1. Taking neighbour Cβ counts within 10 Å as the exposure measure, how do A:92, B:35 sort from fewest upward?
2. From the backbone phi of the range B:2-17, what are the Karplus-calculated ³J(HN,Hα) couplings (6.51 cos²θ - 1.76 cosθ + 1.60, θ = phi - 60°) in whole Hz, Gly and Pro given as x?
3. Over the Cα atoms of the range B:56-115, what Rg and Dmax result, in angstrom?
4. Do you know the relative contact order of chain A, to the nearest whole percent, from alpha carbon pairs under 8 angstrom that are 6+ apart?
5. Using Cβ counts within 10 Å as a stand-in for footprinting exposure, how do B:69, B:64 rank, fewest first?
6. Could you grab the relative contact order for chain B? Cα pairs under 8 Å, six or more apart, rounded to a whole percent.
7. What percent of all Cα-Cα pairs in the range B:1-86 falls in each 5 Å bin, counting up from 0?
8. Can you flag which of A:17/A:68; A:38/A:97; A:97/B:71; A:36/A:97 are past 25 Å Cα-Cα?
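Just so you know, all these numbers are worked out from the coordinates, no wet-lab data involved. No experiment lies behind these values; they were computed from the predicted model shown. So basically every Cβ, Gly included, is an ideal-geometry build from the backbone, and we count neighbours across all protein chains shown.
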Amino acid sequence: SQELEQSPQSLIVQEGKNLTINCTSSKTLYGLYWYKQKYGEGLIFLMMLQKGGEEKSHEKITAKLDEKKQQSSLHITASQPSHAGIYLCGAYQGAQKLVFGQGTRLTINP
Amino acid sequence: DTGVSQDPRHKITKRGQNVTFRCDPISEHNRLYWYRQTLGQGPEFLTYFQNEAQLEKSRLLSDRFSAERPKGSFSTLEIQRTEQGDSAMYLCASCILAGGPGEQFFGPGTRLTVL
């Protein structure tokens with residue numbers, strides 16, 4: 001079965017700093033999803049990547065899928081308090097099921 | 001609000017009791033998924049429906065768990081004889097049937113605490 005490993009597991013950054021979260025898969029990724037979750041709430045869709053080398057951006061968040069399609073990174077530029085939360089990567093498993101990494105907890109200090 | 005809704009948002013129950021959760025997907029979505037998320041972990045797939053048919057169940061779904069989607073609209077997840085290990089966030093997601101990856105929309109979740 002496919003497994004996703006996220007790093008780091010938690011991250012504390014100063015407001016205004018850039019940061020990167022990584023997601024590494026044990027198998028080839030055919031669809032890689034990034035979600036954000038506030039504590040105790042549901043998941044908010046950020047982006048989906050399918051093609052090797054693909055890069056997508058939304059506001060100050062950029063996600064990339066590497067050429068070999070086994071790793072993705074999420075980069076936040078000039079972090080803000082609103083970026084705080086848990087970031088989850090999910091891999092498409094067929095029938096649109098997803099398997100998720102364990103999450104990265106992001107804290108933004110003012 | 002036209003998103004995925006779940007009810008209740010929180011449920012506290014005693015060990016051995018039965019509980020039922022409800023999920024209302026986005027109206028035109030024919031696929032509905034249930035996931036379970038424990039503290040500090042990502043969600044784990046439990047089961048999914050295409051219209052009213054339950055097409056797959058995870059090994060995580062023991063005999064105490066049952067899910068239905070009787071008319072292909074809302075779905076219920078019932079846990080019988082709850083155990084403390086059932087304490088988790090239960091998430092519902094829905095999407096339109098597609099030939100490959102597509103956006104899944106998640107509900108706010110039902111947090112279950114078994115005392």
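1. On the way: A:92 21, B:35 27.
In increasing order of surrounding Cβ atoms, one gets A:92, B:35.
2. Going residue by residue, I get 9, x, 6, 10, 9, 8, x, 7, 9, 9, 10, 9, 8, 3, x, 7 Hz, with x marking Gly and Pro.
3. According to the Cα coordinates of the range B:56-115, Rg and Dmax are 13.5, 43 Å.
4. Details: 285 pairs, mean separation 40.0, N = 110.
With pairs under 8 Å counted, the relative contact order is 36 percent.
5. Details: B:69 21, B:64 13.
The most exposed by this proxy come first: B:64, B:69.
6. Details: 288 pairs, mean separation 42.0, N = 115.
Relative contact order, chain B: 36 percent.
7. 3, 13, 23, 26, 20, 10, 4, 0
8. On the way: A:17/A:68 29 Å; A:38/A:97 22 Å; A:97/B:71 21 Å; A:36/A:97 18 Å.
With Cα atoms farther than 25 Å apart: A:17/A:68.
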